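Engineer: A single structure is presented below for examination.
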There are 2 protein chains.
Amino acid sequence: MSDYVHPYRDTEFVLGELVELERFCAEAGLQDVNGELVSAILAEAGRLGSEVLAPLNAVGDAQGASLGEQHVEETPGFADAYRQFRESGWTSLTAAEAWGGQNLPNVVGTAVNEIWHSANMAFALCPMLTQGAIEAIAHHGSAELQAAYLPQLVSGEWTGTMNLTEPDAGSDLAAIKTKAVPNGDHYLISGQKIFITWGDHRMTDNVVHLVLARLPDAPAGVKGISLFIVPKYLLDAQGRPGARNDVRCVSLEHKLGIHGSPTCVMSFGDKEGAVGYLVGEPHKGLACMFTMMNHARQSVGLQGLSISERAYQQALQYARERLQGTRKDGSRFPIIEYPDVRRMLLTMKASIEAMRALALVAAAEVDRVAHAQDPTAAARHQGRVDLLTPIVKGWLTEMAQEVTSLGVQIHGGMGFIEETGAARHYRDARILTIYEGTTGIQALDLVGRKILSNKGELLADLLDEIGETVTRLESTGPLVALGLALSDALENGREARRLLLANAEADPALAGSISVNFLMLFGYLCGGWLLARSALRAQALLEAGSGDPQFLEAKLVTARFFGEQLLPRTQALLAAIRAGSGSIMALADEQF
Amino acid sequence: MSDYVHPYRDTEFVLGELVELERFCAEAGLQDVNGELVSAILAEAGRLGSEVLAPLNAVGDAQGASLGEQHVEETPGFADAYRQFRESGWTSLTAAEAWGGQNLPNVVGTAVNEIWHSANMAFALCPMLTQGAIEAIAHHGSAELQAAYLPQLVSGEWTGTMNLTEPDAGSDLAAIKTKAVPNGDHYLISGQKIFITWGDHRMTDNVVHLVLARLPDAPAGVKGISLFIVPKYLLDAQGRPGARNDVRCVSLEHKLGIHGSPTCVMSFGDKEGAVGYLVGEPHKGLACMFTMMNHARQSVGLQGLSISERAYQQALQYARERLQGTRKDGSRFPIIEYPDVRRMLLTMKASIEAMRALALVAAAEVDRVAHAQDPTAAARHQGRVDLLTPIVKGWLTEMAQEVTSLGVQIHGGMGFIEETGAARHYRDARILTIYEGTTGIQALDLVGRKILSNKGELLADLLDEIGETVTRLESTGPLVALGLALSDALENGREARRLLLANAEADPALAGSISVNFLMLFGYLCGGWLLARSALRAQALLEAGSGDPQFLEAKLVTARFFGEQLLPRTQALLAAIRAGSGSIMALADEQF
């Protein structure tokens, strides 16, 4: 088994040099938060991740959750790990102090979450979903609901779930059929939900389900969906879990990966109806979900980074240890000396560092919204969050497919053997481009809500900012070549934007035809941009004689490699975008 | 469960229009072989594939082979399927008449093999490996060994295996340690071999192992490896399986996919030594293996096509049936109407048709060698076989990763559920870029033995031939745009060749650094070339009012889509090739 070690140096580099966390915290009045504190937090999280969660990853895969008589039985060891996780306060890191949270910036929580998902993504889904439930209740719940549920969710005493999907309503939430009927101070919920992650378990005393359902008078479509809290155990007069509610897990999915995470079919109201409490206004449930969506989607993007990092560490260790090839003196050498293995490792490393930079920069924009000095600044940062979120979700998770596949490939035949573990990361990663909105859904969100709806202004701002980085590269001697590569990619991005804005109205199939290529183009461009900014900082630090030269020189090489090998993909993506919808829409159904 | 149906129309189009099979057979004196016969063969194979083998695919995955007391116990149903397979004569299709074969062209055998691998790749590996053993013995075995083993291997009464890999000798066969000690008219073999596909089973009365081992006086490295036949049961005086030989399967691998195919750790000579018979000359074992390598590697490339076709059929069916989205009149529509789903389906379809064209054209070159009128023609065709083989193996199997992943993606959340089956194809496909030489090994073979060793002449011939197709496209009105796309890709190929030839000598790391990108570039170029030739034929047939216009128009759209969306990837690959080895070789081991 390969160990997992948190790549703290790169995280601290991104937080320090790209996010400029200390300056942000000082300006935002978060005087307690500084680099030293964050390093201590990351080190402590890294320890729990490496020592407790990572070893349970293989166990969770082999002995996934199972359905018992009354409850889902989680993987052996998970309950104890969760207890340690909760007792160390990791569930409350970014929550508001009013509910017992530690009020740390979102970007710090994101950096910490990278560790959990690397160590054990199946496990980490449970607190991740709980975080979503906390946000939904904190933003939209009544004071009474907040008081009843938030302290226990923030402390990790209870966990939360998101119940959206139904057998006929996946990407198309308009088709939701679950019913909610008013009944005194509450509602009675009935219906079936599928793909409910951590929908049940015995690790905590209660599970708090957030459920989308329709009221009797609801209009059709997405404008008739409401959001409800449905606890597994109803709260008694003291606010403690009491009688069992009419909701249960009726089966578990047999999945390609993340076996440690129970994926439940949940049945609501098989008997008298499940007691539920309305969150927010009637028929506004989807709007409530949208509040959380940026966070949830960025979290899944982060999982793409995490699983890639885990796969990289394992592949790197194998490449260093596996002897395969004989020198002229008869001694054998490790496969890391082969150029093609180095190319694969660098593809992983460069992708991962670009992914981490993008994930943390996007997460920091969320903090900049929350701590903005004025509404204009808040709106500007919110615009950037809106724009980057589908890119973070879509591009990071698509890259995770390539990176984890390279992890298998570097292992050769051993990569196909399950005990090696490389294939496990590959299997686990495969869900990431699907859940929380497929790549296709992210891409439509990007070209539609985030670009066409504002005539491409948000994107123009981003392109201008990338242009400033190009200018700086062009005047930095050793980075001129990288500047050219970024400049080419930037022009490809500008042309893609122009094509979309010019043609989307006349051709209703255009946006959907080009959207995924469009998202991927901007993923590479943003990744390359942030690695280029990293290279500028690394070059400056090297020239100043500051920092670890080994690390900083590697950063320069990684950025250069990304410019040489990954940024040119924007050229191929632009060509596909330029082709438009013609051939895509040309075939009749039966001609496929 | 999605059914598998052989895509006979496309196969017949490629055989008829690109391979020009009838003309070839007439010229080669194979008067019995014509389009009608081949169609009948394909239909019969398609029936067995759809009705018998395909339904066992899920069974083999869920109830893979297991290790019993004395033998490997194959998946329930496989023995009966194998009996039908053998009794219908499918094992002897392309073998020489002298050994009971039907002497059909290799390209026909390849078209039929596509069916077996689509229907059940785990099952089809068994006859595929047997075919390799037949070739090794037919080319290099003594008359006595041929008489003793070939009739039963050709009839399928026995099966064959290839024993190359050892724990410390994977890609690096120079490290092989298995010993062969002379002992009268035979040798005693001892050692351990791993990753032995179908190394044991009870479907036949004997299993004939071909084993690489070292004689006591063998020089070090690859020039000291000899090839041996080691039967599971020694033959008695009547040539029938008698006493058990000292070879057995000691464990089975727990793999990511192809569970129906037992992957054995084989132990030779635990007791008195396994009796083996030398095939070919001492120390020339690797040369014997090379004889088979073109065929084996093309066969694995073919598996990439087959599993992609299977994944496509399943995704297409799902896309037609899955309702997700509501029209203005309230009716729901299937996801195939979404442009992005169509883009994914077309990426699969266009890739698959390019893969099929390349697999069959390359397979036909093998026939053209065998039936060449003179040594010059034979050498020319052999050069093309040599050049195309690593591209067929490398590019088709890499494309299979993308295509099977798209198959999962089109299924959305259902794609991650094992019962759906899409994930099974994705898992099965993952071995293809690894076994029979990883993509990295194929790429080194391509740039080294197949290009640098002849100063790029073989490649120049191919490029010139592609240039002729470009010229024809440029003068065919509706195909001018495709001509431009192919022309751009061709120039990228020419530039890649020039860079390799110009710089490989001065920079020893160059070939290895650029090789995989180089192989992929030529994969797309060859695929695009053959789809362009297909489009030229389709256009001509449409203009002549011949053939099914629905099919021919779809072929034009597929070729156009490939030109728009896949050929431009050559631009990104060329950029990576142009970057050379600099950043790849820049990092010290500890900087990764």
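Readers should treat all values here as calculations from the given coordinates under stated rules, not as data from a laboratory. What you see is a predicted model; the values in this text were computed from it and never measured. Cβ sites come from the backbone with ideal geometry, for glycine too, and all protein chains shown count toward neighbours.
Engineer: Across the Cα atoms of the stretch B:25-66, what radius of gyration and what greatest pairwise Cα-Cα distance (Dmax) are found, in Å?
Structural biologist: Spelled out, the Cα radius of gyration and Dmax of the stretch B:25-66 are 16.7, 49 Å.
Engineer: Here is a follow-up. If packing is taken as the average number of other Cβ atoms within 10 Å across a peptide's residues, how do A:395-401, B:506-512, B:111-117, B:373-379 rank, most packed first? Intermediate values should be presented prior to the final figure.
Structural biologist: Working: A:395-401: 28.1, B:506-512: 17.6, B:111-117: 26.6, B:373-379: 10.9.
Packing proxy ranking, top to bottom: A:395-401, B:111-117, B:506-512, B:373-379.
Engineer: Could you work out, residue by residue across B:551-560, how many beta carbons of other chains sit within 10 Å of that residue's beta carbon, and then give the average as an integer?
Structural biologist: Per-residue shielding by partner chains comes out at 3.
Engineer: Could I ask something else about it? Against the longest principal axis of chain A, how steep is helix A:480-503, in degrees 0 to 90 to the nearest 10, with axes from Cα atoms?
Structural biologist: Tilt relative to chain A: about 50 degrees.
Engineer: Also, I was wondering about something else. Could you derive backbone 3J(HN,Hα) for the stretch A:116-132 from the dihedral phi with the Karplus parameters 6.51, -1.76 and 1.60 (θ = phi - 60°), listing whole Hz in sequence and x where the residue is Gly or Pro?
Structural biologist: Karplus values, whole Hz, x for Gly and Pro: 4, 6, 5, 5, 6, 4, 4, 5, 5, 4, 5, x, 5, 5, 4, 4, x.
Engineer: Across peptide A:572-583, how many C-beta atoms of other chains are within 10 Å of each residue C-beta, on average?
Structural biologist: Working: counts 11, 4, 2, 11, 9, 2, 2, 8, 1, 3, 5, 14.
Taking the mean over all residues of the peptide, I get 6.
Engineer: Right, here's the next one. Sort by residue number and report every cysteine in the protein assembly as shown with no other cysteine beta carbon within a distance under 4.7 Å.
Structural biologist: A:Cys25, A:Cys126, A:Cys288, A:Cys526, B:Cys25, B:Cys126, B:Cys288, B:Cys526
Engineer: So, one more: For label points placed 7 Å from Cα toward Cβ, what is the shortest-first list of nm distances from B:Arg47 to its copies?
Structural biologist: 7.1
Engineer: I've got another one for you. As an exercise, use a Förster radius of 22 Å and the Cβ-Cβ distance of B:Glu20 and B:Glu474 to find the FRET efficiency, rounded to the nearest 0.05.
Structural biologist: 0.45
Engineer: Can I ask one more? Calculate the mean, over all residues of peptide A:503-510, of how many other protein chain Cβ atoms lie within 10 angstrom of the residue's Cβ.
Structural biologist: For peptide A:503-510, the averaged partner shielding equals 1.
Engineer: Given an 8 Å cut-off on Cα distances and at least 6 residues of separation, report the relative contact order of chain A as a percent.
Structural biologist: Once divided by the residue count of chain A, the mean separation gives 12 percent.
Engineer: On to the next question. What list of ³J(HN,Hα) values in whole Hz, one per residue of the stretch A:276-284 in order, does the Karplus curve 6.51 cos²θ - 1.76 cosθ + 1.60 (θ = phi - 60°) give from phi, with Gly and Pro shown as x?
Structural biologist: x, 10, 5, 10, x, 8, x, 6, 10
Engineer: Here's something else I'd like to know. Which value results when the Cα radius of gyration for chain B is divided by 2.2 N^0.38 Å?
Structural biologist: Normalised Rg, Cα atoms only: 0.97.
Engineer: Under the convention of a label 7 Å out along Cα→Cβ, give the distances in nm from B:Ala506 to the same position in every other copy, shortest first.
Structural biologist: Values, ascending and in nm: 4.9.
Engineer: Something else now. Test of understanding: ordering B:Glu36, A:Glu457, B:Glu69 by Cβ neighbours within 10 Å, fewest first, what list do you get?
Structural biologist: With the fewest neighbours first, B:Glu36, A:Glu457, B:Glu69 line up as B:Glu69, B:Glu36, A:Glu457.
Engineer: Where does each of B:Ser226, A:Ser546, B:Ser581 land when they are ranked from fewest to most other beta-carbon atoms within 10 angstrom? Could you put the intermediate results ahead of the total?
Structural biologist: Details: B:Ser226 25, A:Ser546 10, B:Ser581 19.
Lowest count first: A:Ser546, B:Ser581, B:Ser226.
Engineer: Computed FRET efficiency, Cβ-Cβ of B:Leu484 and A:Glu12, R0 45 Å: what is it to the nearest 0.05?
Structural biologist: According to the calculation, E is roughly 0.35.
Engineer: Taking amide H positions as placed in the peptide plane 1.01 Å from N, state which residues far from B:Glu166 in sequence (5 or more) or on other chains have amide H under 5 Å from it.
Structural biologist: B:Ile194
Engineer: Of all alpha-carbon pairs in the stretch A:110-213, indicate the percentage at a distance above 17 angstrom.
Structural biologist: That fraction is 60 percent.
Engineer: Could you derive backbone 3J(HN,Hα) for the stretch A:358-368 from the dihedral phi with the Karplus parameters 6.51, -1.76 and 1.60 (θ = phi - 60°), listing whole Hz in sequence and x where the residue is Gly or Pro?
Structural biologist: 5, 4, 6, 5, 5, 5, 5, 5, 4, 5, 5
Engineer: Separation between the B:Glu465 and A:Glu27 pseudo-spin-labels, each 7 Å from Cα along Cα→Cβ, expressed in nm?
Structural biologist: Label at B:Glu465, label at A:Glu27, 6.3 nm between them.
Engineer: Could you check the simple spin-label distance between A:Ala378 and A:Thr326, using points 7 Å along Cα→Cβ, in nm with one decimal?
Structural biologist: Distance between label points: 7.2 nm.
Engineer: Please give the peptides B:464-473, A:167-176 ranked by average Cβ packing (other Cβ atoms within 10 Å per residue), highest first, as a rough proxy for protection. List each step's numbers first, then the result.
Structural biologist: Working: B:464-473: 16.5, A:167-176: 18.2.
Sorting B:464-473, A:167-176 by mean packing, highest first, produces A:167-176, B:464-473.
Engineer: Something else about it: Order the peptides A:484-491, B:314-321 from the highest to the lowest mean number of other Cβ atoms within 10 Å of their residues.
Structural biologist: My ranking of the peptides, most packed first, is A:484-491, B:314-321.
Engineer: Here's a follow-up. What gaps in nm, shortest first, separate A:Ser88 from its twins in the other copies when you place the label 7 Å past Cα toward the beta carbon?
Structural biologist: In nanometres, ordered from closest: 5.8.
Engineer: Distance from a point 7 Å along Cα→Cβ of A:Val59 to each backbone N in the stretch A:100-135: keep the residues under 16 Å and list them by number.
Structural biologist: Output list for this probe position: A:119-124.
Engineer: Would you please give the residues with an amide H less than 5 Å from that of A:Gly242, counting only those at least 5 places away or on a separate chain, with H modeled from the backbone geometry?
Structural biologist: Long-range HN contacts for A:Gly242: A:Leu234, A:Leu235, A:Asp236.
Engineer: With all distinct Cα pairs included, what does the Kirkwood hydrodynamic radius of the protein assembly as shown come out to in Å, to one decimal, could you say?
Structural biologist: Hydrodynamic radius (Kirkwood, Cα only) of the protein assembly as shown equals 31.3 Å.
Engineer: Which residues' amide hydrogens lie under 5 Å from the amide hydrogen of A:Lys177, considering only partners 5 or more residues apart or on another chain, with H built in the peptide plane?
Structural biologist: none
Engineer: Compute the FRET efficiency between A:Val181 and B:Glu419 as 1/(1 + (r/R0)^6), taking r as their Cβ-Cβ distance and R0 = 45 Å, and round to the nearest 0.05.
Structural biologist: It comes to 0.85.
Engineer: Take A:His71 and A:Glu457, extend 7 Å from each Cα along the Cα→Cβ direction, and tell me the distance between the two endpoints in nm.
Structural biologist: 5.3
Engineer: If you rank A:Phe290, B:Phe562 by fewest surrounding Cβ atoms within 10 Å, what's the result?
Structural biologist: The order, fewest Cβ neighbours first, is A:Phe290, B:Phe562.
Engineer: Oh, and also: Counting just the Cα atoms, what span does the stretch A:357-454 cover along each of its three principal axes? Round to the nearest Å and put the largest first.
Structural biologist: 57, 26, 17
Engineer: Further question: When only alpha-carbon atoms are used, what values of Rg and Dmax, in angstrom, describe the stretch A:159-284?
Structural biologist: When restricted to Cα atoms, the stretch A:159-284 yields Rg and Dmax of 14.2, 43 Å.
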